[in-house]
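S.K.: My questions will all concern the structure given below.
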Amino acid sequence: MSFNLSNLKYSLPKLIILFCFCLTIIGCRTTQDIIGDQYLLDRNVVIKNEQLLKKDPLNLLLVDQPNSKVFGIPLKLRLHDLANPYPDSIFDTWLLKKPKRKYRLEKLLSAKQVKELKRYNGKFNNWLKSYGETPVFLDSSTITKNTKRLEQYFKNKGYFDTHVSVEKIILPKQKVTVEYHIKTDKQYTIDSISRNITSPSLDSLYQNASKNQIISAGDPFEIDRFEAERSRLINYFRNNGVYNFQQNSLKFTAAIDSTGFDSRIPVIVEIANLQKRENDTLRSIPYLIHKIKKINLYVNSSGELDQLSSYTDSLDYEDYTIFFKGKLKYRPKALTEVIFIKKDSPYSDLERSLTYRYISNLRNFKYPSISYSPLKNDSSDLLANIYLNPKKRFSMGFDLDLSHSNIQDFGISLGTSFAIRNIFRGAETLEISAKNTLGSSSDIASINSELFNLYELGADIKLRIPRILFPINLENVIPKRMNPTTDITLGASLQQNIGLDKQYFGSSYQVKWAPNKMAKVSFKIIDLEFINNQNTSNYFNVYRNSFDKLNSIAGQYNNNSSNINNDLNLIIPEGATTFIDEVLSDKTALTPEDLQYQDVNRIRERQNRLTANNLIIGSSLGINYNSQENILDESFFQLQGKLSLVGSLLNQVLKSSGADKNELGQYEIDGVAPSQHIKTELNFIKHWQTSVNSVLAFRAFGGIAIPFGNAQSIPFSRSYFSGGSNDNRAWRAYRLGPGSSNSLNEFNEANFKLSFNLEYRFPIVRKIKGALFIDAGNIWNVLDDVDDPTFRFDGLKDLNEIAVGTGFGLRYDFNFFVFRFDTGFKTHNPALSKSLRWGGDYSIKSAVFNIGINYPF
């Protein structure tokens with residue numbers, strides 16, 4: 001980016017003049033000028049039966065809310081006060097107030113720039129208006145509305161004798177507090193419930209539904225109860241054959257004693273006939289229970305307007321008639337098994353919505369259309385028509401990424417994805433994706449000085465089947481209303497000149513279903529992962545902290561000159577490997593009792609673990625429960641649990657087959673020891689909506705992976721780390737823990753993790769939001785082969801090693817995602833000595849900056 005310095009002398013005065021001008025105009029307009037002889041609303045107070053209601057939802061009923069405050073200061077009101085209703089007139093008055101002011105400005109800037117200055121002033125004034133808040137004044141008409149609202153609220157709760165009085169308390173600086181005093185008196189109750197139902201069919205249904213009724217004699221007379229009972233009855237009727245039931249046919253009649261002596265109210269449930277207009281006559285038609293007598297399924301349909309003659313063929317399959325054009329591209333069973341509407345069964349809204357949802361989840365059709373009509377006039381038999389419009393069978397996508405990291409100076413990634421719908425005529429979806437990354441690193445020597453000297457290539461195949469694919473029938477356990485699916489995935493990738501040049505192969509066979517709208521279950525029957533590290537000799541180039549520590553020890557105890565180079569550093573890999581062998585075989589001055597000897601032994605153990613090839617075969621069960629009703633619901637909780645069992649079946653097979661063991665007592669397959677461990681984790685998230693746009697969010701996570709049998713440690717890919725933009729934001733990812741070990745390695749991980757987060761989210765200006773947060777947690781080694789006490793969790797006493805970070809953040813809401821910038825500070829650092837852990841360093845140079853997309857929890 002470049003700019004012309006010669007233009008700066010014109011830009012700078014313009015900015016200075018604009019700033020000074022705005023200050024001049026702002027200084028002429030104060031809050032007192034705006035208020036005049038009115039009173040500014042400072043606070044609303046609600047007192048119910050002599051009891052003050054603080055932070056009660058009842059306060060939200062009040063039409064007028066005082067101007068918002070930040071630390072007691074109405075900042076948005078101040079912004080609005082700075083704005084002027086006539087900025088152009090004020091500017092012209094200011095410009096012409098002195099005879100030579102306009103001339104001097106045009107000479108300094110130009111006539112055009114002076115006009116621009118006027119336009120900038122108007123824009124700045126509009127910004128003040130849009131981001132500020134208009135003052136909220138005392139208004140008698142608004143107080144009357146508030147009084148009526150409060151009275152109506154308590155009448156809806158059964159307090160029909162409620163009275164609300166208002167008291168105004170005048171404060172200094174022309175401010176006022178309005179107190180609403182509510183006297184509720186006694187609450188009315190339901191005396192008895194009777195019915196008056198015209199239709200005999202509906203009367204019979206009502207009697208069946210009455211056992212679950214929400215209103216009963218003796219209950220408080222609350223409107224919410226009656227609305228809930230109305231919804232329950234309507235849903236019951238429409239799910240039991242009354243497809244044309246109208247809400248206005250149902251009403252509750254109550255006789256309230258006007259004298260107020262009797263607070264018990266008799267209730268009559270009245271259900272009238274269907275009112276149907278034919279020409280100029282309004283007919284009263286008794287409601288009937290309608291049954292589905294015929295079901296038509298139209299494939300390749302653009303909607304109900306399609307003419308029947310446009311379909312070339314049809315076939316009858318079980319209870320359905322399928323109409324199609326040309327060749328039917330779907331198996332009839334695949335089409336009919338997603339339909340919950342059954343022949344000879346009563347009409348049901350629920351079955352209709354389940355059919356909608358199931359067809360939509362197939363991802364093969366656009367939103368379906370379902371209609372019903374009587375087979376004959378005034379007949380109780382219904383015809384159900386289902387219209388399906390398939391999506392395009394093939395779809396393709398591309399993506400391009402540019403990247404930079406500590407491994408590569410720059411990189412370019414090109415990805416492509418290809419999807420085939422209905423590949424086996426059963427509404428299955430096959431997705432194939434590939435991604436190729438080319439990168440350049442100046443740390444890698446290249447004989448031909450190639451620009452791109454590292455690469456990664458990966459591909460994935462996923463088959464989604466819209467039903468449970470299992471050797472035995474699970475329909476009775478997982479019915480189709482739970483929307484079951486089966487996912488079969490295959491994936492592979494390989495690297496060159498990246499880390500240890502990992503080759504990866506993974507495969508899974510997973511079934512998923514939703515027991516209800518709040519819960520989801522995922523069962524990975526097969527979870528296979530194989531990792532082959534091809535370039536293990538590059539270990540000490542990748543894990544530099546381990547090498548630096550080993551090199552420091554070698555500087556004192558190495559007695560083999562062939563291990564070091566001209567700079568007196570260990571040669572990688574030969575010198576480092578030989579020195580470790582010499583130390584562990586007692587060929588140096590170090591003994592097993594020396595701390596340096598133990599450090600070298602730990603370096604060798606970590607090297608063996610991170611360079612070892614991994615074979616992981618297991619199963620896992622995951623459950624996710626989310627109480628959030630919709631995206632606008634900000635008071636909810638989420639509970640996620642997962643249990644994984646890895647290697648037990650495979651190692652039992654190896655044991656039964658008499659397979660040989662290695663020197664560590666582990667079974668092997670072609671030189672690779674299969675991992676064996678059990679892993680469980682629990683994640684709890686809770687949100688509280690503290691105000692209209694403010695939320696208090698909490699998360700607690702705990703996870704542990706325990707090796708046993710054929711393993712003494714957990715594979716790196718299945719272990720835990722701490723720190724980062726979605727964890728403890730005062731530490732970078734992999735830079736916290738384990739325990740109090742001071743993060744000795746580049747990638748610090750362990751097999752036990754605790755994490756707690758508390759975050760208060762609040763609006764600042766429009767789409768800009770703020771956050772204050774506290775993050776706590778750490779990782780430890782437990783029940784594995786690590787024996788360093790600073791790494792291990794040996795009991796509750798080690799909870800004092802929980803790291804605490806505090807900080808603040810800014811977020812910008814782009815509607816479809818949220819951009820997040822968080823700043824964290826180390827408040828309790830377990831890597832320090834106990835006397836120095838608390839307090840932290842809150843300087844900017846010690847802060848950790850995090851960038852993320854969407855909220856962390």
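Every read-out reported here was derived from the displayed coordinates using simple, explicitly stated rules and does not represent laboratory data. Small disclaimer: the values here were computed from a predicted structure and weren't measured. So basically every Cβ, Gly included, is an ideal-geometry build from the backbone, and we count neighbours across all protein chains shown.
S.K.: Given labels modelled 7 Å from the Cα in the Cβ direction, how far is it in nm from Asp399 to Glu663?
M.R.: 4.5
S.K.: Could you work out the relative contact order of the chain, using alpha carbon pairs under 8 angstrom and six or more residues apart, expressed as a whole percent?
M.R.: Result for the chain is 5 percent.
S.K.: List the DSSP H helices in the chain whose Cα atoms stretch 27 Å or more along the helix axis and whose mean Kyte-Doolittle hydropathy is at least -0.5.
M.R.: Those that pass (Cα extent of 27 Å or more, hydropathy at least -0.5) are 8-27.
S.K.: Give me the log10 of I(q) over I(0) for the stretch 782-830 at q = 0.32 Å⁻¹, as the Debye formula computes it from C-alpha points; what are the numbers?
M.R.: -1.11
S.K.: Hey, which aspartates and glutamates would be in cross-link range of Lys325, C-alpha to C-alpha under 17 Å, not counting anything within fewer than 8 residues on its own chain?
M.R.: Partners within reach: Glu304, Asp306, Asp313, Asp316.
S.K.: A further question follows. For Val692 and Trp127, compute 0.36 nm times the residue count separating them, minus their Cα-Cα distance, and round to one decimal in nm.
M.R.: 201.1 nm
S.K.: How big is the Rg/Rh ratio for the stretch 756-806, C-alpha atoms only, Rh by Kirkwood, two decimals?
M.R.: 1.27
S.K.: Expected output is a single nm value to one decimal: the length gained when fully extending between Ser258 and Phe418, i.e. 0.36 nm times separation in residues minus the C-alpha distance. What is it?
M.R.: Computed gain between Ser258 and Phe418 is 50.3 nm.
S.K.: Let me know the Kirkwood hydrodynamic radius for the stretch 610-722, please, with Cα pairs as the basis and the value in Å to one decimal.
M.R.: Result for the stretch 610-722, one decimal place: 16.8 Å.
S.K.: Sort 277-288, 143-154 by the packing proxy (mean of other Cβ within 10 Å over each peptide's residues), most packed first.
M.R.: 143-154, 277-288
S.K.: Still on this model: Arranged from highest to lowest average of other beta-carbon atoms within 10 Å per residue, in what order do the peptides 188-194, 158-164 appear?
M.R.: In descending order of packing, they fall as 158-164, 188-194.
S.K.: So which GluC sites (Glu not before Pro) in the stretch 178-238 end up in coil per DSSP with only 12 or fewer other C-beta atoms within 10 Å?
M.R.: none
S.K.: For Tyr103 paired with Ser835, estimate the spin-label separation in nm (one decimal), with each label point 7 Å from Cα along the Cα-to-Cβ line.
M.R.: Going from the Tyr103 label point to the Ser835 one covers 7.7 nm.
S.K.: Across 5 Å bins from the origin, how do the percents of Cα pairs in the stretch 688-759 run, short distances first?
M.R.: 3, 14, 20, 21, 15, 10, 7, 5, 3, 1, 1
S.K.: In the structure shown, do any of Lys76/Lys155; Lys54/Lys173; Lys115/Lys173; Lys549/Lys834 have a Cα-Cα gap over 30 Å, and if so which?
M.R.: Lys76/Lys155; Lys115/Lys173
S.K.: On to the next question. So for the pair Glu337, Ser561, with labels modelled 7 Å out along Cα→Cβ, what separation do we get in nm?
M.R.: 7.7
S.K.: So what is the calculated 222 nm ellipticity per residue for the chain, using -39500 (n - 2.57) for each DSSP H run with n of 4 or more, over all residues, to the nearest 500 deg cm²/dmol?
M.R.: Mean residue ellipticity at 222 nm (helix-derived): -7000 deg cm²/dmol.
S.K.: For the stretch 582-639, what ratio Rg/Rh do Cα atoms give with a Kirkwood hydrodynamic radius?
M.R.: Rg/Rh: 1.49.
S.K.: Continuing with the same structure: From the phi of every residue in the stretch 481-496, what ³J(HN,Hα) in whole Hz does the Karplus formula 6.51 cos²θ - 1.76 cosθ + 1.60 yield, where θ is phi - 60° and glycine or proline is x?
M.R.: Each residue of the stretch 481-496 in turn: 5, 8, 6, x, 9, 10, 10, 10, 10, 9, x, 8, 8, 9, 10, 9 Hz.
S.K.: Hey, another quick one. What FRET efficiency, computed as 1/(1 + (r/R0)^6) with R0 = 51 Å and r the Cβ-Cβ distance, is obtained for Ser846 and Val166, rounded to the nearest 0.05?
M.R.: Efficiency for this residue pair is about 0.40.
S.K.: Exceeding 32 Å between C-alpha atoms, which entries from my cross-link table qualify? They are Lys342/Lys517; Lys366/Lys480; Lys48/Lys69; Lys502/Lys661; Lys462/Lys661.
M.R.: Result: Lys462/Lys661 exceed 32 Å.
S.K.: Restricting to the stretch 678-796, compute how many DSSP beta bridges are antiparallel as a %, nearest 5.
M.R.: Roughly 95 percent of the DSSP beta bridges within the stretch 678-796 come out antiparallel.
S.K.: Okay, next question. Could you pull the Rg and Dmax for the stretch 507-633, using just the Cα atoms, both in Å?
M.R.: Taking only Cα atoms of the stretch 507-633, I get Rg and Dmax of 23.9, 70 Å.
S.K.: For the chain, rounded, prolate or oblate, judged on the Cα gyration tensor with a ≥ b ≥ c (square roots of eigenvalues), a/c < 1.5 rounded, else prolate if a/b > b/c?
M.R.: Here the chain falls in the oblate category.
S.K.: Sorted by packing (mean other beta-carbon atoms within 10 Å per residue), highest first, where do 545-555, 674-684, 341-351 land?
M.R.: Result, highest mean Cβ count within 10 Å first: 674-684, 545-555, 341-351.
S.K.: Roughly speaking, what is the stretch gain from Ser110 to Arg544, that is 0.36 nm per residue apart minus the C-alpha to C-alpha distance, in nm to one decimal?
M.R.: 150.1 nm
S.K.: Between Leu282 and Asn815, how high is the FRET efficiency from 1/(1 + (r/R0)^6) when r is the Cβ-Cβ distance and R₀ = 51 Å? Nearest 0.05.
M.R.: Computed FRET efficiency for Leu282 and Asn815 comes out at 0.60.
S.K.: Turning to a different aspect of this structure: Calculate the FRET efficiency for Asn296 and Ile268 from the Cβ-Cβ distance with a Förster distance of 41 Å, rounded to the nearest 0.05.
M.R.: 0.45
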